[in-house]
Amino acid sequence: MSQATDTDVREDGIIESVSGPVVTARDLDARMNDVVYVGSEGLMGEVIEIEGNITTIQVYEETSGVSPGEPVEGTGSPLSVDLGPGMLDAIYDGVQRPLDVLEEKMGSAFLDRGVDAPGIDLEKTWEFTPEVEEGDEVEAGDIVGTVPETPSIDHKVMVPPDSEGGEVVAIESGNFNVEETVVELDNGEEIQMHQEWPVRQQRPTVEKETPTEPLISGQRVLDGLFPIAKGGTAAIPGPFGSGKTVTQHQLAKWADADIVVYVGCGERGNEMTEVIEDFPELEDPTTGNALMDRTCLIANTSNMPVAARESCVYTGITIAEYFRDMGYDVALMADSTSRWAEAMREISSRLEEMPGEEGYPAYLSARLSEFYERAGYFENINGTEGSVSVIGAVSPPGGDFSEPVTQNTLRIVKTFWALDADLAERRHFPSINWNESYSLYRDQLDPWFEDNVRADWPETRQWAIDTLDEEAELQEIVQLVGKDALPEDQQLTLEIARYLREAWLQQNAFHDVDTFCEPEKTYRIMDAAKTYNDAAFEALDAGVPVEEITDIDAAPRLNRIGVQEDYNEYIDDLEDDIESQLRELY
Amino acid sequence: MKEYQTITEISGPLVFVETDEPVGYDDIVEIELSDGETRRGQVLESASDYVAIQVFEGTEGIDRDASVRFLGETMKMPVTEDLLGRVMDGTGQPIDGGPEIVPDERRDIVGEAINPFSREYPEEFIQTGVSAIDGMNTLVRGQKLPIFSASGLPHNDLALQIARQATVPEEEEEGDDDEGSEFAVIFGAMGITAEEANEFMDDFERTGALERSVVFMNLADDPAVERTITPRLALTTAEYLAFEKDYHVLVILTDMTNYCEALREIGAAREEVPGRRGYPGYMYTDLAQLYERAGRIEGREGSVTQLPILTMPGDDDTHPIPDLTGYITEGQIYIDRDLNSQGIQPPINVLPSLSRLMDDGIGEGLTRADHADVKDQIFAAYAEGEDLRDLVNIVGREALSELDNKYLDFADRFEEEFVDQGTDTARSIDETLELGWDLLSMLPKDALNRIDEDLIEEHYREDETAETVEAEA
Ligand SMILES: Nc1ncnc2c1ncn2[C@@H]1O[C@H](COP(=O)(O)OP(=O)(O)OP(=O)(O)O)[C@@H](O)[C@H]1O
Ligand SMILES: [Mg+2]
């Protein structure tokens, strides 16, 4: 978290009352959303309501033992993040305090309170290479130099968005820390490698464009059936244990984004630890570097202070926008947005605001849409193009999607990955229900798949969808009369659909090979099932009994394609075997 | 210390007092009744001229003349290794007639959150000796894995069986004593009946487990509000033993449903806007503050493993108590009413059960190389058999294919042989997996599509197939 830079002299206030994370203060001279330090321990908080001379503050740390009469000190600055090199490979709490630094400062594995730490290391030096020369005119947002932040990412040093710009009068390459001036403008403005930005305010852009490129996830059911665009939005609702977090982790690992911002919002500590332990060992499929080199983690686990849960998603998206401004494709995962909504509800109820649906504040819907609106494919103010894709998990109480957070989210997002407890129970993973889910990006992304994978991608996919649809209808009949009562062609369709489910839709996140599936492989597995389908129906037409067709010993090998590294050869052989074994039957 | 005789309102478990000096939020309060009895409470809200106090032992008999003292500190638990073997009430007062407890330290019971950066990912397999857990939903050290049960089901027997049998096999060196791989057990009872409490105590005494246990007992007729501190005392003790004294600690908390009822009661008394079904909107956060106190910490020897038990009202797992619990814990074990009435012991339904930390805790070098595949295949086959049971009721077995009939047989044998092992049998993981292979070998080899082909070659029981082939002929 950044320290206040504003030098306004502000009057201290006095605590009036304390109730959990909500504290009121009397006679505090502060503006809405200002950061304040509460009590004798200086706990960080934010102003959320001003009424007469009473200011209400949400406190980002535990308030046990804090009592009325203690001082409250204003900073005159809104809640902001410090943006600059050093954010990748970092893990922050909800107000951008680096958790590794906190561990060191507190000398304990437990989170003490009243300890602050800057969001980026102010002393560390970085190698700055200018991109502009003396005499060049620069404007707000312009890139003035680069810093090799990690092996994967060149950090672009930009003129702050609120700068007036001017002519560069001094710039030099060399090693600097983030507070040293690297560029001077003719109007006297000095530019450093870091800048602050208030988290609740969207960073400016020129315009939002229609996304046309998919964010490849390496997950067959997503890329194949329900793709999300770079700059798109998606929601993953599902009951507990249905696979939200595993899906989010899979995206964080394998999505072809330049930068990943992972926000663990009110979820488990161990899930963050898992990322911290795994990501440095895993290779980014695009660059071959360690995954951590492109990742920024934000963790407000369920036992950490609830107010910081409310702020962590904003901290995350502001960092994402900053990298977008550099021209990068950023993917942000928020697990889980429901915890954020509940934090809003908790604070709101302590403020005794009028509750809306199920106790959530009336502004729930507005807050959700403001947040998802910050996603998109943008033309940046410096002329580069960049994107922020947002994928939010939703945890509906009792797994019931009719509740307010799920419903309000679905009104905004364009991709819906519906997790299904029934599938999870039979260990069909990822348990994304193919009948309920949708992607509104499908058509606009088809040209990309046609150009970059196969020209008949849309047709083959349509065949798969039709087969799965037909299966769903037939299953209803089977439930009543059994499979053997169906006509032979329908029995065959059921068998083909089963392979589509088992070989194509199912994917084991914990298998070294199967965990990531490139689009070519996604296409080829689907196409292999179609090859079987076409040859099988030919055999059926030629009078071969359905049992013989489904009994060929090549068919079960379809289910093993996922785990093959050299899948092309495997599939070529398999398709040959399927065709020849079927031809032998007639 | 200032004494106030300025109670303005008494409502449910709450007392409101006018004050003229600042009082810390969450601070401990002593209330002295006119007959000399003292009760303890905690500050729920502190304003400049009044405070709201939640009284642990209930407000019965308190009147406006009672005097109130603010102790100026938050609730503390005196901790020491000597707590092992001791039995206390729900507020931490010894009730076993033993010697006075001389604390090593007094620790805040709310506890601080473990820094996620400082955690170590749990991945050491715990052998509970129960096949449905070890084989299908493996528990690891530092996990929080609740038992989802309902009234009248034998969840206590399962918890006791785990407490008795749990070991970490092949503990490396350091084993100067055998206890190295045994657990210290912290038992936190909230609102359970005296009968249930006896069941636990008898078992602890019979097996000698009491010496490595610390017991906190809040019984059904003890004050409800007290229940909100019992698990915190238990977990504070657990953290101390694990992270200061290197113990591997197993915490059994029962019944979380009673705990949540107490939260609801307090919420209602405060006239808070209720969340789902009248439970407080902050119940998720509150429960997380308990459950997240499980885990491992980098550089520390010990661990805290949690086994909370809850009874689902109306057997309904969408009820807020199991629902919020499931959203926080790392899986859950379901006790099933149907299996129980079929006499299966322990009646664990493996399908909805889940251990999320299983994937990293099993496999070569941890359990066995074939574990993950065997588990996946058993899940698939059992789910298939379960599905077919509905159908077979309608169309009869004859209408089903040969393979479908095998799935039906598989499901039956799985329940009768794999799950039903009785409360006194402890199976090693090898025994569990071999049993799994016995069952899977009822199915034809090419139906085992979740298992690596080499593993099938290594473990598949050919003779069972021979039988099948004969049957087919
Ligand atoms: N793609 C997958 N491959 C293999 N296993 C999976 C996959 N997805 C989910 N699982 C299994 O399901 C379990 C639960 O998944 P996950 O933790 O993602 O659930 P969740 O929806 O995030 O639940 P909660 O809301 O409680 O956080 C995992 O621990 C894992 O065992
Ligand atoms: Mg999750």
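Read the figures in this text as sums done on the coordinates, not as results from a lab. Note that the structure is predicted; figures quoted are calculated from it, not measured. Methodologically, a virtual Cβ is constructed for each residue, glycine included, from the backbone with ideal geometry; neighbour enumeration extends over all protein chains shown.
Quick notes on this one:
- All Cα pairs of segment B:368-469, percent lying beyond 17 Å: 53 percent
- The residue list A:423, A:290, A:351 was ranked by how far each Cα lies along the charge dipole of chain A toward its positive end, using unit charges on Cβ atoms, and A:351 comes out on top.
- Helix A:567-583 axis, angle to chain A major axis (alpha carbon atoms, nearest 10°): 20 degrees
- Isotropic mean projected area of the C-alpha convex hull, segment A:12-78 (nm²): 3.5 nm²
- Placing a label point 7 Å from the Cα of residue A:547 along the Cα-to-Cβ direction, the residues of segment B:439-462 whose backbone N falls under 20 Å from that point are B:443-448.
- C-alpha long axis of helix A:337-350 to longest principal axis of chain A, angle in °: 40 degrees
- Within segment A:356-390, backbone nitrogen closer than 13 Å to the virtual label 7 Å beyond the Cα of residue A:32 toward Cβ: none
- Kirkwood Rh in Å, taken over all unlike Cα pairs in segment B:1-72: 11.6 Å
- Working from Cα pairs under 8 Å separated by at least six residues, relative contact order for chain B is 16 percent.
- Percentage relative contact order, segment A:12-78, counting C-alpha pairs under 8 Å, at least six apart: 42 percent
- Counting neighbouring Cβ atoms within 10 Å and putting the fewest first, the residues A:278, B:134, B:390 line up as B:390, A:278, B:134.
- Relative contact order [Cα under 8 Å, 6+ residues apart], chain A, whole percent: 13 percent
- Sparsely packed GluC sites (Glu not before Pro) within segment A:493-578, loop by DSSP, other Cβ within 10 Å at most 14: A:565
- The value for chain B of Rg(Cα) / (2.2 N^0.38 Å) is 1.11.
- With a cut-off of 14 Å between beta carbons, the residues surrounding residue B:80 carry a summed charge of -2, where Lys and Arg count +1 and Asp and Glu -1.
- Here r is the Cβ-Cβ distance between residue A:140 and residue A:357 and R0 is 41 Å; the resulting FRET efficiency, rounded to 0.05, is 0.50.
- Inter-label distance for residue A:577 and residue A:116, nm, one decimal - labels placed 7 Å from Cα along Cα-to-Cβ: 6.7 nm
- Per residue of B:284-292, other chain Cβ atoms within 10 Å of the residue Cβ number 6 on average.
- Segment A:311-358 gives an Rg/Rh value of 1.16, both radii derived from C-alpha positions and Rh following Kirkwood.
- Nearest-ten-degree value, helix B:462-472 long axis tilted from longest Cα axis of chain B: 60 degrees
- The protein assembly as shown: antiparallel DSSP beta bridges as a percent of all, rounded to 5: 65 percent
- For the segment A:263-272, counting C-beta atoms of other chains within 10 Å of every residue's C-beta and taking the mean gives 6.
- For segment A:307-410, applying the loop criterion from DSSP together with a ceiling of 14 other beta carbons within 10 Å to the GluC sites (Glu not before Pro) yields A:352.
- If you look at the Cα atoms of segment A:123-193, you get an Rg and a Dmax of 11.4, 35 Å.
- Estimated from helical segments only, the mean residue ellipticity of chain B at 222 nm is -9500 deg cm²/dmol, where each DSSP H run of four or more residues counts as -39500 (n - 2.57).
- Computed [θ] at 222 nm, helices only, for chain A once each DSSP H run of length n ≥ 4 contributes -39500 (n - 2.57): -9500 deg cm²/dmol
- Segment A:344-414 and segment B:105-176: distance between their alpha carbon centers, rounded to Å: 36 Å
- Diffusion of segment A:191-230 by Stokes-Einstein, at 4 °C in a medium of 1.567 mPa s and with Rh set to the Kirkwood radius over alpha-carbon pairs, works out to 96 µm²/s.
- Across peptide A:342-351, the average count of Cβ atoms from other chains found within 10 Å of a residue's Cβ is 3.
- Sorted from longest to shortest, the spans of the Cα atoms of the protein assembly as shown along the three principal axes equal 97, 87, 56 Å.
- Sorted by Cβ neighbour density within 10 Å, fewest at the top, the residues B:183, B:216: B:183, B:216
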